[in-house]
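Here is the structure we will look at, set down as C-alpha cells.
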Amino acid sequence: MIVPRWYVVAGPAYIAALLAVDTQVSLGVQLALGAVTWLVLVAAIWPLAAMVRAQVIGVVLFATVAEVTGSLIWGVYRYRLHNLPLFIPPAHGLVYLSGVALAAVIPARPLVAVAAVGSIGWGLAGITMLPRLDVAGAMCVPLLIAFLWRSRFRATYAGVFVVVAALELYGTSIGVWRWATSLPGLGIAQGNPPSAEPAPTENNATMMATTG
C-alpha cells in the first residue's frame, strides 16, 4: 500500500488543530469544521491508488456505524455537544492514512513491539495505579495483542493504534469527548480514555479495509 510518508505528521497535526478549535466554537462553526474535514479527506485520498481510496471509504463507513452505536445509542462516551460531530467520520479516514504511513516509516518489528508493550503497560496501569479504574480497557488489551500477533497486517494495526492512542489522550485531555466512568448497562469501570478499548473499533475497520 502506497501512502506518502508525510501523512504521518500531516494527519495528526490537522486533527490536533481541529480538536483544539472545536473546544472553542458553537454547533454552527462545528458543522463548518466538519465540511472542511471532509474536503481535507477527499484531498488526501485523491492522489492515492483506487484500492487505497476504497479502503479509506470502508474505514469511514465502519467507524461511523461504531460511533453512532457507541456514542449516540450506547453512551459509552459522549462528545462535548452530545452529538456526533460532522468531522469525526472523515477524521477516522485521516487516522487510518496516518497509521498506514507510520507503518511505512518505522520497521514492523519495533513498531509492533511499541504498540504491544505500550498497550499492555497502559492496561496494567489502569487496574493498578492510574487514578481512574480502567477494567474495560484492560479487558480489550488481549484483543489488540491478538491482532498484533497473528495478522499479516500487524504493522498497520500497530501504526493505527499508536495514532489513535495519542489522539485519544489529547482529545480527552482538552474535553472534546469524555468516556463514561463505566460501560452503560454493564457497570464495568473504564478510564478516560480506556487503555485499549478504542482498538477493537479501529482494528476491525482496518481489518475490513485491508482484506476487502
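The values are calculated or read from the model by the stated rules, or taken from the named source; none is laboratory data. What you see is a predicted model, and the numbers here were worked out from it, not measured in a lab. In this analysis, Cβ positions are derived from the backbone assuming ideal geometry, glycine residues included, and neighbour counts consider all displayed protein chains. Just the protein is used for accessible areas: all its heavy atoms, side chains included, with ligands, DNA and RNA removed. Shrake-Rupley method; radii C 1.70, N 1.55, O 1.52, S 1.80 Å.
Structural remarks
- Restricted to segment 100-158, and to residues there that are out of contact with any Gly (no Cβ under 9 Å at 6 or more places or on another chain) and among the basic types (Lys, Arg), the residue that is farthest from residue 6 (Cα to Cα) is 150.
- Within segment 138-191, the set of residues being of a type in the set (Ser, Thr, Tyr), without any contact (Cβ under 8 Å) to a residue 40 or more places away in the chain and open to solvent by less than 40 Å² (accessible area, probe 1.4 Å) comprises just one member, 172.
- Helices (runs of 4 or more DSSP H) fully within segment 43-128 counting 2 or more residues that are within 17 Å of residue 192 (Cα to Cα): 108-126
- Only one entry of 184, 193 meets the criterion of being of a type outside the set (Val, Ile, Thr), modelled with pLDDT under 95 and outside any strand (DSSP E or B), and that entry is 193.
- Check on residue 68, of a type in the set (A, V, I, L, M), under 25 Å from residue 4 (Cα atoms) and out of contact with any Asp or Glu (no Cβ under 8 Å at 6 or more places or on another chain): no
- Positions within segment 1-57 being among the polar types (S, T, N, Q) and at pLDDT 95 or above, in sequence order: 23, 24, 26, 30, 37
- Of the set (1) open to solvent by 20 Å² or more (accessible area, probe 1.4 Å); (2) of a type outside the set (Ser, Thr, Tyr); (3) in contact with a Leu (Cβ under 8 Å, 6 or more places away or on another chain); (4) not in a helix (DSSP H, G or I), all apply to residue 21 but (4).
- Residue tally, condition surrounded by 15 or more Cβ atoms within 10 Å (Cβ to Cβ) and either touching a Phe, Trp or Tyr at 6+ places or on another chain (Cβ under 8 Å) or not in a loop (DSSP other than H, G, I, E, B) (or both), over segment 2-15: 7
- Residues satisfying the stated conditions in segment 118-134, i.e. over 18 Å from the mean Cα position of the chain (by Cα) and surrounded by fewer than 18 Cβ atoms within 10 Å (Cβ to Cβ): 121, 124, 125, 127, 128, 129, 130, 131, 132, 133
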